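Visitor: This structure is in structure tokens; I'll ask about it shortly.
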Amino acid sequence: MSAPINDFVKKYIQSDTVRFHMPGHKGCTFHGCEAYDITEIKGADYLYQAQGIIAESERRTAASFKTAKTLFSTEGSSQCIKTMLGIIKSVIGDKRLKIAAPRNVHKAFIDGCILLDADVVWLYPSEPTPGICCCDITPVQIENLLSQDKDIDCLYITSPDYLGNLADIKAIADISHRAGVPLAVDNAHGSYMAFLDDNTHPIALGADMCCDSAHKTLPCYTGGAYLHFSNKSPDSFLNNAKSIMSMFGSTSPSYLILQSLDLCGEMLASGEFAKKLAHSTAMVRSCKEKIEGYGWVLCGQEKMKITVCAAKCGYNGCELGDKLRETGIEPEYCDGEYVVFMAGISNTQNDFDKLAAAFKTLPVKPPIDEQIPGLLPAESRLSMRRAAFSHSQSVDIHSAVGRICALTVTGCQPSVPVTVSGEVVSENAVKLLEACGVEKINVL
Ligand SMILES: Cc1ncc(COP(=O)(O)O)c(C=O)c1O
């Protein structure tokens, strides 16, 4: 098996060519990987007009994911999300873009809506869950919305969410297709799911397109991501996808990230990743069982995430995170309610033993009564774009109640919006902002 981008760069390094081209380090070692860090020289192909080694590597990755087309991104799912919205916009033409989405979207979705002047119909759960990460919407809610509002151009779902909850993509895809509405999925956290014994990747379950942050769950450098299209995607989605993607990216894509995506593709194609993944999911499952056995409450269905409901076990999640850091373990995410651990195929049995041992030594306590509020429906007074690009002033969050949010505010991590541009800032939003440690907000 070969890795065309890596093979090209290795040959280029061996050729000892004098580099009178970008980048400025000329391949000389300052940090360590400069020799591999090339630009779009002859033979290296062009990311946004790929016909050579990049196209070949993308085709191999598409075959592994069983997609009609898979495009590489060196700027994360953030770029792919904006591209998905741009593709829908290009298909509907002059009409105002209108998207339906559960509220736990990533910030990149908001940025895309602002740039494309889109309207969003938000879906909220009937019972709000604490915090901003999760938004449990039923297929019936989606069916009702799509049958009532015939102006919706796209349904957009975030699954898995940051806590490892999975939406019923199969049921949702069936509903959206019956309504004639394409389904786009933010699968940033779920790239690995295509290689589980039961393939639960959104494309396999019926999504029309989705983004995967390869860097989150595959052995790939930060920034590496995929934009996948299903075999049922219309040509109108596929034809201009690269050009639209280029609108949201730099003209100097990182070849280090492209090489990483290429090597990762080799591992996916050879079956090595699937084999290692099966072993890893078994280790995660056994680690979860041990932690639960010590009395801890876990949540989420994802097979490579361990989410501890800290508050239900008597801890503030951020404080629990600090206790784990003292034992030499760094979690992916902590908030008042939860601590999330993301596993990868490189985590060893020793790593999982250390994690389980840390939980064994910490006593489970009675639940903390005071809960962080959940996301509640907000009143929108202005389009996101108008509010985001209006003159605004920065005020203390407590004096923002009743005013219109100008610049969307997200928790630093997980970058899910608390108040969105154009919405009236509510008391509930202020409580959530406080919980996220936000002190100031830009309002109109
Ligand atoms: C649900 C979700 N979507 C999208 C993104 C953006 O992904 P990336 O960092 O690859 O741009 C993130 C990042 O954390 C995320 O959690």
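Visitor: Could you figure out which of (1) over 30 Å from residue 364 (Cβ atoms); (2) open to solvent by 30 Å² or more (accessible area, probe 1.4 Å); (3) in contact with a strand residue (DSSP E or B) (Cβ under 6 Å, 6 or more places away or on another chain) isn't true of residue 252?
Guide: (3)
Visitor: Give the number of residues within the stretch 102-131 that are charged (D, E, K, R), open to solvent by 20 Å² or more (accessible area, probe 1.4 Å) and part of a loop (DSSP other than H, G, I, E, B).
Guide: 2
Visitor: Suppose the filter is more than 16 Å from the ligand (Cβ to nearest atom), surrounded by 18 or more Cβ atoms within 10 Å (Cβ to Cβ), of a type in the set (A, V, I, L, M) and not in a loop (DSSP other than H, G, I, E, B); does residue 157 pass it?
Guide: When the stated conditions are applied, residue 157 does not pass them.
Visitor: Restricting attention to the stretch 411-444, report how many residues are open to solvent by 30 Å² or more (accessible area, probe 1.4 Å) and within 16 Å of the ligand (Cβ to nearest atom).
Guide: Residues flagged as open to solvent by 30 Å² or more (accessible area, probe 1.4 Å) and within 16 Å of the ligand (Cβ to nearest atom) within the stretch 411-444 amount to 3.
Visitor: Might you let me know whether the stretch 134-152 holds any residue that is within 20 Å of the chain's Cα centre (by Cα), assigned to a strand (DSSP E or B) and not assigned by TED's automatic domain parsing to the domain that holds residue 235?
Guide: So far as the stretch 134-152 goes, no, none of its residues is within 20 Å of the chain's Cα centre (by Cα), assigned to a strand (DSSP E or B) and not assigned by TED's automatic domain parsing to the domain that holds residue 235.
Visitor: If you take the residues in the stretch 160-197 that are of a type in the set (Gly, Ala, Ser) and assigned to a loop (DSSP other than H, G, I, E, B), which one is nearest to the ligand (Cβ to nearest atom)?
Guide: 188
Visitor: Which one of 344, 317, 293 is surrounded by fewer than 22 Cβ atoms within 10 Å (Cβ to Cβ), over 22 Å from residue 222 (Cβ atoms) and not hydrophobic (A, V, I, L, M, F, W, C)?
Guide: 293
Visitor: Would you check if residue 147 is open to solvent by 10 Å² or more (accessible area, probe 1.4 Å), of a type in the set (S, T, N, Q) and farther than 28 Å from residue 307 by Cβ?
Guide: Considered against the rule, which asks whether it is open to solvent by 10 Å² or more (accessible area, probe 1.4 Å), of a type in the set (S, T, N, Q) and farther than 28 Å from residue 307 by Cβ, residue 147 comes out as yes.
Visitor: Right, next: I'd like to check something: does the stretch 344-365 contain any residue that is small (Gly, Ala, Ser), touching a Ser or Thr at 6+ places or on another chain (Cβ under 7 Å), within 16 Å of the ligand (Cβ to nearest atom) and closer than 30 Å to residue 192 by Cβ?
Guide: yes
Visitor: Against the definition (surrounded by fewer than 17 Cβ atoms within 10 Å (Cβ to Cβ), out of contact with any strand residue (DSSP E or B) (no Cβ under 8 Å at 6 or more places or on another chain), over 30 Å from residue 144 (Cα atoms) and not charged (D, E, K, R)), how does residue 43 come out, yes or no?
Guide: Yes.
Visitor: Tell me whether the stretch 167-190 contains one or more residues that are within 24 Å of residue 90 (Cβ to Cβ), among the small types (Gly, Ala, Ser) and within 15 Å of the chain's Cα centre (by Cα).
Guide: Within the stretch 167-190 (the criterion being within 24 Å of residue 90 (Cβ to Cβ), among the small types (Gly, Ala, Ser) and within 15 Å of the chain's Cα centre (by Cα)), the answer is yes, since at least one residue qualifies.
Visitor: Could you look through the stretch 378-428, keep only residues that are touching a strand residue (DSSP E or B) at 6+ places or on another chain (Cβ under 8 Å) and of a type in the set (Lys, Arg), and pick out the one that is nearest to residue 443 (Cα to Cα)?
Guide: Only one residue tops the list, namely 403.
Visitor: Show me the strands (runs of 3 or more DSSP E) found entirely inside the stretch 328-444 where at least 1 residues are over 26 Å from residue 277 (Cα atoms).
Guide: It comes to 393-396, 417-419, 440-443.
Visitor: Continuing with this model, one more query. Please enumerate the residues belonging to the stretch 191-216 that are in contact with a helix residue (DSSP H, G or I) (Cβ under 6 Å, 6 or more places away or on another chain), polar (S, T, N, Q) and surrounded by fewer than 24 Cβ atoms within 10 Å (Cβ to Cβ).
Guide: 200 - this is the single residue of the stretch 191-216 that is in contact with a helix residue (DSSP H, G or I) (Cβ under 6 Å, 6 or more places away or on another chain), polar (S, T, N, Q) and surrounded by fewer than 24 Cβ atoms within 10 Å (Cβ to Cβ).
Visitor: Just give me the residues in the stretch 63-101 being part of a helix (DSSP H, G or I), within 16 Å of the ligand (Cβ to nearest atom) and open to solvent by 20 Å² or more (accessible area, probe 1.4 Å), in sequence order.
Guide: The answer is 78, 82.
The values are calculated or read from the model by the stated rules, or taken from the named source; none is laboratory data. Source: prediction; values computed, not measured. Methodologically, a virtual Cβ is constructed for each residue, glycine included, from the backbone with ideal geometry; neighbour enumeration extends over all protein chains shown. Only protein heavy atoms, including side chains, enter the accessible area calculation; ligands, DNA and RNA are left aside. Shrake-Rupley method; radii C 1.70, N 1.55, O 1.52, S 1.80 Å.
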